[in-house]
Structure formats: C-alpha cells, structure tokens
Amino acid sequence: MSGVLDLVRADLRDFAGYRSARTERVQGDVWLNANESARANAGDAEGAYRRYPDPQPEPLRERLAALYGVRAARVLAGRGSDEGIDLLVRALCVPGHGAIVITPPTFGMYAVCARLHGARVVEAPLVERGEGFQCDFTAVARKAEAENARLVFLCSPGNPTGASLPLESIAALACRLERQSVVVVDEAYQEFASTPSALTLLDRHPNLVVLRTLSKAHALAGVRLGVAIGNEALIEVLRRCQAPYPLPAPCIDAVMRATDAAVLEATRGGVAATIAERTRLAVALADAPGVRRVYPSDANFLLVRFDDADAAFATLLAAGVVVRDMRAQAALGDALRITVGTAAQNDRVLSALTGVAA
Ligand SMILES: *Cc1c(COP(=O)(O)O)cnc(C)c1O
C-alpha cells in the first residue's frame, strides 16, 4: 500500500463492497441469478428496464472519459456530483473522527455530507480582495495539517462567488498535502469558465480529484449524473463504497443521448449563449439602482450585493422572479445569487430591479 491509498480509511482499504449479481463476471444466456422478473412490466413493452443495470456501463464510462479528456479508469459515474462528495467523505474520513476543510462562502453539500458522517468541518474562509473572492491557499494547507484533515474541498468556479481558482495554486496545495489530504476541485461550472480545468493536473497529483456534472452546462439536473475523476486506485475504492446499482437505466440512456457529438455541439452553443447573457446581465445590473456590486463570474450565475438585499429579494419575488438568497452566509449579508436565464427572463430581472428606485 502506498501513495494516495494511504489516505483512505484503514478499515476500508481492502473492503470489497457489495458483490451484486452484475459484478460477477460469468457467461451464459439464461440469467437467473438476480431475482429479476421473468416478464417485462406491461408499461415497459420492450423490457428495457426489466434487468438491474450495469453498475458502471463501459460505453457510458468511455463517453464520459472522452468528454473530459481522461482515461476511462479515472472516471466514476454517480448520482450527481453530490454522490461523489458523499463517497469521498465516507471513504476518507473515519466516522466521528475525520475532518474536512472547506472555504466558505461555498457550496453547502461538503459540510452536509461531513456532518452526516460525523466528520468535523474546518473552515478556511475565502478572502475578499479588490477583484473579488480569493482562496487563501496557505490557510487551507495549515488548517488541513493542523486538524489532520483527509479532505479539502475547493470549488472552482466557486458557488456562490463565481470566481475560478488559479491552477498553479491548486497544484502547489496538492503537492504540499500529498501525504495529508485528497484535494477535491468541484468544477460544476467549469464549462462556463475561460480558465483551464484542474483535470490537466491529474497526471502529476494522485491526491487530486475533480468533480464534474451534467447538471449545469448539459442541462440535465433531473438525470442526476455527475462524475468523480482521479487516480485509478482511489476511484476503484470509491466505486466499492457506492451502492450496488447506482445508475438508473433511463439515466444511462439519457446520458448516452446527451453525449452524442451532435448534441454536444448544441450544448456548446447553449453555453456560449449563457455566457453572452451573463455579460449583458452583469453590465446592466451594475447600472441598476440599489446594486452595490456585481462580482465577475466564470459560472452561469451572478453574485450581487445590494444596498437593501431584503427589498431587492422582495421586489424580484413580487415580479415572479425567484433568486437565491445568500444572506444567511457569513460575508454575504447583503447578497443575492441570480442564475443567468434566457434573454427574456433576464429582462424580467432587470425591469423588476429598475423599478426598485422608481
Ligand atoms: C450544482 C452543484 C453541484 C451539484 O451537482 P449534481 O451533479 O447535480 O449533484 C455540485 N457542486 C456545486 C458547486 C454545485 O453548484
């Protein structure tokens, strides 16, 4: 045992997980080993869904590997990147003892998964400088070392800040924490960013894991498909911790359709349109009355500070526009997070807010 596997919970290093009927590699043409129904459901005429699905179908893994430009063995598909977060916490943190480091304000699921697992949540807050929110990488490293944290969750582009993290800082952190922590880079919004992905660092840093999802840029939040991408041995450990049949067959079908070349081309067009609308909305919002600050964004949303965020939230709601209230997050007491919509939806936001001053 060496390298990144030393970071896995000692009691799970040789854990085989559940051996489902699908994991046994045997040949045959009469399959009577999984207690599936002999007859199709009357509403499923083709019998497409009669059998348990392959836990990680090879065609799906190949598609996702091609999409992200990595080897298939580096890819674990799961029920959204939320499942990746949960698997990482469970595989790396000893229940009731382990710790994770997060950089608030950040995505809420890291702390939720840690809490459900009895792991401590150590905070190394983002710092606000002239250009926006930045990660204090030195503080992150010190906290990980001082608290013996097995996991560091970075979010790039950040939710809710919209700011990307510099790759060289991520690489330096992964280096420094090589014997201490797995550094996770959650890239849920990477498609909307102009900066390169941390996927390019994987070859050099076995303790780096990148999370990607089809929920945002690919418009498939309802399908629940996300991936963890990292060192092959670590990915294999996560797979053994996963549920026996984690990917529903209709979802596998939807992902295969969505990763077809022509569909991907259309997806890229949609992303470009969202980026153009993001720029238009940001410029217009910066001029709107009552808006204190619009942060630069590499994602499909804008973080906006208001003179009176309560009034802005209420005004938008009265106009039928629901945005995310960030006021409960420390350092964001006057902020709202607004997802970039269609041009018509963004116009609704703008006309409602222009009315605030009227
Ligand atoms: C939306 C979001 C996710 C969730 O992705 P799923 O694949 O839908 O689970 C993960 N991380 C961040 C930062 C997000 O904003």
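Of all the numbered requirements in (1) surrounded by fewer than 21 Cβ atoms within 10 Å (Cβ to Cβ); (2) away from the ligand (no atom under 16 Å from the Cβ), L116 misses one, and that requirement is (2). Within the range 61-84, being among the aliphatic types (A, V, I, L, M) and either in contact with a strand residue (DSSP E or B) (Cβ under 7 Å, 6 or more places away or on another chain) or at positive phi (or both) holds for L64, A65, V70, V75, L76, A77.
Tell me, yes or no, whether the range 73-87 has at least one residue that is more than 16 Å from the ligand (Cβ to nearest atom) and either under 30 Å from L220 (Cα atoms) or assigned by TED's automatic domain parsing to the domain that holds E187 (or both). The answer is yes; a qualifying residue exists. When you check S164 against the structure, is it touching a residue at least 12 places away in the same chain (Cβ under 8 Å), touching a strand residue (DSSP E or B) at 6+ places or on another chain (Cβ under 7 Å) and surrounded by 18 or more Cβ atoms within 10 Å (Cβ to Cβ), yes or no? So S164 fails the test.
Taking the range 323-344 as the range and being surrounded by 14 or more Cβ atoms within 10 Å (Cβ to Cβ) and outside any loop (DSSP other than H, G, I, E, B) as the test, the residues that pass are R324, D325, A335, L336, R337, I338, T339.
Residues of the range 128-168 that are touching a Phe, Trp or Tyr at 6+ places or on another chain (Cβ under 7 Å) and of a type in the set (A, V, I, L, M): A163 alone. Residues in the range 26-52 that are closer than 11 Å to A249 by Cβ and hydrophobic (A, V, I, L, M, F, W, C): A48 alone. Being among the hydroxyl-bearing types (S, T, Y) and in contact with a Leu (Cβ under 9 Å, 6 or more places away or on another chain) is the filter; apply it to the range 184-206 and report the residue that is farthest from the ligand (Cβ to nearest atom). In this case the residue turns out to be T200.
From V227, V237, which residue is within 22 Å of G80 (Cβ to Cβ), more than 16 Å from the ligand (Cβ to nearest atom) and at pLDDT 95 or above? None of the others qualify; the one that does is V237.
Whether a residue is of a type in the set (F, W, Y) and within 16 Å of the ligand (Cβ to nearest atom) was assessed, and Y68 passes this test.
The values are calculated or read from the model by the stated rules, or taken from the named source; none is laboratory data. Here the structure is a predicted model, which means the values were calculated and not measured. Glycine also receives a Cβ, built like all others from the backbone with ideal geometry; neighbour counts cover every protein chain displayed.
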